[in-house]
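Encoded as C-alpha cells, the structure appears first; notes follow it.
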Amino acid sequence: MKRCLGKVAMVTGAARGMGQGIALCLAAEGADLALNDITSIQAMQEMLMAIQELGQQATYWQADVADREALSLVFDDLVKRFGRLDICVANAGISIPETVIDARWENVLRTIQVTQFGVFHTCQLAAQQMVRQVETGMAEGGKIVIISSVHEELAVRSSGAYNMAKAAVTQLGRTMAVELAPYHINVNIIHPGLTDTPGTRTYTTADKLNRAAKRIPLGRLGSPQDIGKAVVFLASQESDYITGVDLRVDGGFKWGLRFPLDD
Ligand code: NAD
C-alpha cells in the first residue's frame, strides 16, 4: 500500500536537489504534487514528466518564496487546481558563503528573506488551508515538514545569516507543532547533513566532497532520496503521533564530530 495515496503535497524549491528528491519520493508513494521554484517552467519539464510517469498529477508554479503576495496566489491557485492540501514541505533555502565581518547586507537580507521568511510564508499559508479543511470536515489533519539543517545548531563558519535562519525555522516548526496539534496537523523538522545536491556543488569541489564523505560515519554524503524517504515517513500515517521532532538525516555526521584530543 502506497503511503501517501490520494494526498496532495506542496514542495518548494522543487526544481533540483533535495526538493526534486522529495517530490519524486512523495509521487512514488501516491501523492499528487504541487511544485514551486523560482526557476523557469522549462527547467521543470523533465521533473513534471517523471511524476506523471509515476502515475501522479503534477503542477508547477514559478514564484519566489520570499514574495509573500506571489506565494499566497500560488496557494490560492493550488487549492483551485487540486481542491485540497494535505502535505507541505518547506524546502527552498539559500546560502551565500561569507564571514559575518565581511557579510554584505543585501546578502544577509536575501538569505533571511528566502531561508527564514520564505519558510514562514510557506508554513503559515499551508497551515491556514489545512486548518480550514479540518474545520469544515474535509480532512482529519495534515503534515508540514520544514527542511532546516545541522547548521541550526553548529556554528559553521562563513554561514552567519544561514545559520541564523535555520535556527529560526527550527524554532518556528516547534512552535507550530504545539499550536496545530489540536487540529492533528503534525509539524516536524528535518536536519540534513552534507547532502550531494547542485547547490552543494556550487560552493565546493568534487575532491573536497570525496574527502568529506570519508569523515561521515556512514561513509558517504547524503542524497536527495535520503531526505525524500525521511519526508515520506513524516508525511505518512506512520508518524501520526510524532510532532515537533527534529530528525537528523546526516549519516551520523553530528555525533561523529571529533573531540579535539582524538586522532
Ligand atoms: P539547491 O540549491 O540544490 O536547490 C534549491 C532549489 O531551491 C533550487 O531549485 C532553487 O531554484 C530553489 N530556490 C532558491 N531560492 C528560491 C526562492 N526564493 N523561491 C523558490 N525556490 C527557490 O539546494 P539543496 O541543497 O537541494 O537544498 C535544499 C534545502 O536543504 C535548503 O533549504 C537547504 O538549506 C537545505 N540543506 C541543504 C544541505 C546540503 O548539504 N545540500 C544540508 C542541509 C540543509
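The values are calculated or read from the model by the stated rules, or taken from the named source; none is laboratory data. These numbers come from a predicted model, not from an experiment. Counting neighbours? That spans all protein chains shown, and the Cβs are built from the backbone with ideal geometry, glycine included.
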* Selection status of residue 59, surrounded by fewer than 20 Cβ atoms within 10 Å (Cβ to Cβ) and in contact with a Lys or Arg (Cβ under 6 Å, 6 or more places away or on another chain) -> yes
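Results for (1) crowded, with 17+ Cβ neighbours inside 10 Å; (2) more than 16 Å from the ligand (Cβ to nearest atom), shown as yes or no for each residue.
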residue: 55; (1), (2): no, yes
residue: 66; (1), (2): yes, no
residue: 92; (1), (2): yes, no
residue: 101; (1), (2): no, yes
residue: 110; (1), (2): no, no
residue: 114; (1), (2): yes, no
residue: 138; (1), (2): no, yes
* Complete set of residues in segment 181-202 that are near the ligand (Cβ under 10 Å from one of its atoms) and either farther than 19 Å from residue 246 by Cα or at pLDDT below 95 (or both) -> 196, 197, 198, 199, 200, 201, 202
